[in-house]
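J.: Got a structure for you, questions after.
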Amino acid sequence: MLVLGIDPGTAITGFGLIETDGWRSVAVKYGCIRTEAKSPMPERLGIIYQSLAEIFRSYRPDMFAIEKLFFAGNANSAMQVGEARGVAILAAYHAGLEVHEYTPLQVKQAVAGYGKADKNQVQQMIKALLHLQEIPRPDDAADALAVALCHAHTITPGSRHQRRKIYV
C-alpha cells in the first residue's frame, strides 16, 4: 500500500511517499513544495493545493497522513501552518482519501521508539527503516517520510482500508 505523509508549511510543505506492507517500507518519492514568501497567501496556498493534487493524480496513494499542528510560540506562524494543513487535508479529501493525523510525539514514538527523540535520531531511523543511502534532505521531506512511517507502523499489517477515490 502506498502512504503519502505530509509535513505542512506555507513556505515549505514536505511530502513523502512510501510503499509498505505494514512490516517493511521503502521510499517511493519525497521532496518539498516551496512557495515564495513575497507571494500573496492565497497564491501560496493554491500552489500547495495544485502540487498535492498532482501528486495524488500521479501516484494515487492509498493512505494519507499529516502532522498535527503543534506550536507553543508564534500564533501567526501557527495560523499559517494551519492554513497549509487545511489545504493539504482538502486535497486529500478531493482525492477520496481518509485523513490520518499524528502529533510530533506520536511520529517520534513510532519511528524512533521514543517520543522525545531529537531530529537526528528520527532522521537516522528514517534512513535505516527505508533502507536509504543517506538522510533525506531537506528536513521537511524527512519529516514527511516520518509521518508516513508513523502511519505505516500504526496500521495493522495486511489490513485493507476503505477509500473512496474522487479524482478532480
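J.: Neighbouring Cβ atoms within 10 Å as the yardstick, rank 13, 20, 35 fewest first.
T.: 35, 20, 13
J.: Could you give each residue of the range 53-64 its phi-based ³J(HN,Hα) in whole Hz, using Karplus coefficients 6.51, -1.76, 1.60 with θ = phi - 60°, and x for Gly or Pro?
T.: Running phi through 6.51 cos²θ - 1.76 cosθ + 1.60 with θ = phi - 60° gives 4, 5, 4, 4, 5, 6, 9, 6, x, 8, 9, 9 Hz.
J.: So which aspartates and glutamates pass the test for residue 119, namely a Cα distance under 19 Å, with those fewer than 8 places away in the same chain ruled out?
T.: Cross-link targets: 7, 67, 134, 139, 140, 143.
J.: Next question. Please compute the contact order of the chain in relative form: average sequence separation of alpha-carbon pairs under 8 Å and at least six residues apart, divided by the residue count, as a percent.
T.: 33 percent
J.: Please turn the phi angles of the range 107-112 into ³J(HN,Hα) values with the Karplus equation 6.51 cos²θ - 1.76 cosθ + 1.60 (θ = phi - 60°), one per residue in order, whole Hz, x for glycine and proline.
T.: With the stated coefficients, the range 107-112 comes to 5, 4, 4, 5, 8, 9 Hz.
J.: What does the charge add up to near residue 3, with Lys and Arg as +1, Asp and Glu as -1, over the other residues with Cβ less than 10 Å from its Cβ?
T.: Details: positive: none; negative: 19, 62.
Taking every Cβ under 10 Å from that of residue 3, the sum is -2.
J.: Which of the lysines could be linked to residue 116 by a straight reach, that is with a Cα gap under 26 Å, when you skip same-chain ones fewer than 8 residues away?
T.: Within reach: 68, 108, 127.
J.: If you place +1 on the Cβ of every Lys and Arg, -1 on the Cβ of every Asp and Glu, and leave all else neutral, what size is the dipole of the range 2-154 about its Cα centre, to the nearest 20 Debye? Show your work: numbers first, answer last.
T.: On the way: 14 positive and 16 negative charges, 31 e Å.
Charge dipole, the range 2-154, about its Cα centre: 140 debye, nearest 20.
J.: Provide the FRET efficiency to the nearest 0.05 for the residue 59-residue 36 pair, computing r from the beta carbons and using R0 = 30 Å. Walk me through the numbers before you get to the answer.
T.: Details: r = 25 Å, r/R0 = 0.85.
Result of the calculation: an efficiency of 0.75.
J.: Okay, next question. Could you compute the net charge surrounding residue 35? Neighbours are other residues with a C-beta less than 13 Å from the C-beta of residue 35; K and R count +1, D and E count -1.
T.: Working: positive: 34, 38, 44; negative: 36, 43, 83, 140.
So the surrounding residues net to -1.
J.: Moving on. Give me the three principal axis extents of the range 53-132 from the C-alpha atoms, as integers in angstrom, largest value leading.
T.: Taking max minus min along each principal axis of the Cα atoms, the range 53-132 gives 36, 34, 17 Å.
J.: On full extension of the chain, what length is gained from residue 11 through residue 128, given 0.36 nm per residue of separation minus the C-alpha to C-alpha distance? Could you put the intermediate results ahead of the total?
T.: Working: separation 117, 0.36 × 117 = 42.12 nm, distance 2.82 nm.
Extra length from residue 11 to residue 128 when fully extended: 39.3 nm.
J.: Let me ask another. Loop-only trypsin sites (Lys or Arg not before Pro) in the range 1-89, please: DSSP not H, G, I, E or B, and at most 11 other Cβ atoms within 10 Å.
T.: Values: sites: 24, 29, 34, 38, 44, 57, 68, 85; in loops: 24, 38, 68.
Those satisfying the criteria are 38.
J.: Could I get the Rg over Rh figure for the range 2-154? Both from C-alpha atoms, Rh via Kirkwood, rounded to two places.
T.: Values: Rg = 14.4 Å, Rh = 15.2 Å.
Rg/Rh for the range 2-154 comes to 0.95.
J.: A follow-up question, please. Ranking 139, 7 by Cβ neighbours within 10 Å, fewest first, what do you get? Kindly include the intermediate steps, with their values, before the conclusion.
T.: Working: 139 16, 7 28.
Ordered by Cβ neighbours within 10 Å, fewest first: 139, 7.
J.: I've got another one for you. Neighbour counts of other C-beta atoms within 10 Å: give me 66, 12, 18 arranged from fewest to most.
T.: Working: 66 24, 12 18, 18 28.
Least crowded to most crowded, the residues run 12, 66, 18.
J.: Local charge sum around residue 136 (other residues, Cβ-Cβ under 14 Å, Lys/Arg +1, Asp/Glu -1)? List each step's numbers first, then the result.
T.: Values: positive: 29, 119, 127, 137; negative: 7, 134, 139, 140, 143.
That sum, taken over residues with Cβ under 14 Å, equals -1.
All of the numbers you see were taken from the coordinates with simple rules; none came from a lab. Just so we're clear, the structure is a prediction, and the values are computed from it rather than from any experiment. With ideal geometry, Cβ positions are generated from the backbone for all residues, glycine too; neighbour counts draw on all protein chains shown.
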